[in-house]
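*Asks:* First the structure, then my questions, so here it is.
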Amino acid sequence: MTPSYKRVIFGSFCAVFAVYSAYVWTAGTDIPQNRSPGHQVKAGLALFQEKNCIACHQLYGLGGHMGPDLTNVVSAEGKGPDYARTFIENGTSKMPNFNFNETQVAALVQFLGFVDSSGTYPPKNPEITWYGTVAYGASKNTE
């Protein structure tokens, strides 16, 4: 190889590196953004904190272990907003009935819906792209 070919090859690698770097810098690391919480979601969070629900329940695996993890209760198969509403309104043998009014129940359900839309628990085994980053939205099922 003559020196001019080496320069062409080196220049090609530099150009490919520059294009790839620009792609990663601009679009390659975009993460979908959630909507911002509304007034009702914030009221539900305040109520969740005021009643210390985290002492018995978990969000993203963090919290108490007496009650179930509520991270994805709104989207879980066989559950949903009405399922959550029923337990919030009536309680169970282990969960007290807080006698929430309709506004408070709606706020708590909206809060749980917002939490549900922000992630999943337990985390799924994500698909790794050929260039080493996580492909958001794609996952390998480990179950």
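*Asks:* Taking R0 as 30 Å, what FRET efficiency do you get between THR92 and LYS124 from their Cβ-Cβ distance, rounded to the nearest 0.05?
*Replies:* With a Förster radius of 30 Å, E is 0.55.
*Asks:* Please give every one of the lysines within straight-line cross-link reach of LYS124, meaning a C-alpha to C-alpha distance under 16 Å, and leave out same-chain neighbours fewer than 8 residues apart.
*Replies:* Cross-link targets: LYS140.
*Asks:* From the gyration tensor of the Cα coordinates in the stretch 39-117, what semi-axes in whole Å does the equivalent ellipsoid have, largest first, with each one equal to sqrt(5λ)?
*Replies:* Each semi-axis is the square root of five times an eigenvalue, giving 16, 15, 13 Å.
*Asks:* Choose one answer from ALA43, ALA107, ALA55: the residue with the largest mean-square fluctuation in a GNM of the chain with alpha-carbon springs under 10 Å.
*Replies:* Sorting by GNM fluctuation, first place goes to ALA55.
*Asks:* When only alpha-carbon atoms are used, what values of Rg and Dmax, in angstrom, describe the chain?
*Replies:* Reported Rg and Dmax, both Å: 23.7, 84.
*Asks:* How would you rank LEU47, LEU112, going from fewest to most other Cβ atoms within 10 Å of each one's own Cβ?
*Replies:* Listing LEU47, LEU112 from fewest to most nearby Cβ atoms yields LEU47, LEU112.
*Asks:* Once you place label points 7 Å from the Cα toward the Cβ at SER75 and ALA46, how far apart are they in nm?
*Replies:* Inter-label distance under the simple model: 2.7 nm.
*Asks:* Then there is this: At 222 nm, what helix-only mean residue ellipticity would the chain give, in deg cm²/dmol to the nearest 500, using -39500 (n - 2.57) for each DSSP H run of four or more?
*Replies:* -13500 deg cm²/dmol
*Asks:* Order by neighbour count: GLU89, GLU77, GLU127, GLU50, fewest other Cβ atoms within 10 Å first, most last.
*Replies:* In order of increasing Cβ crowding within 10 Å: GLU77, GLU50, GLU127, GLU89.
*Asks:* Trypsin sites (Lys or Arg not before Pro) within the stretch 49-132: which are DSSP loop residues with at most 11 other Cβ atoms inside 10 Å?
*Replies:* Passing both the DSSP loop test and the Cβ count: LYS94.
*Asks:* Along Cα→Cβ, 7 Å out, is where each label goes; now give me the distance between the ones at PHE100 and ALA55 in nm to one decimal.
*Replies:* The modelled label-to-label distance comes out at 1.7 nm.
*Asks:* What list do you get for PHE87, PHE114, PHE17 if you sort them by fewest beta carbons within 10 Å?
*Replies:* PHE17, PHE87, PHE114
No value in this document is a laboratory result; all are computed from the given coordinates. Predicted model, so just to flag it, every value in this text is computed and none were measured. For neighbour counting, all protein chains shown are included, and Cβ atoms are generated from backbone atoms with ideal geometry for every residue, glycine included.
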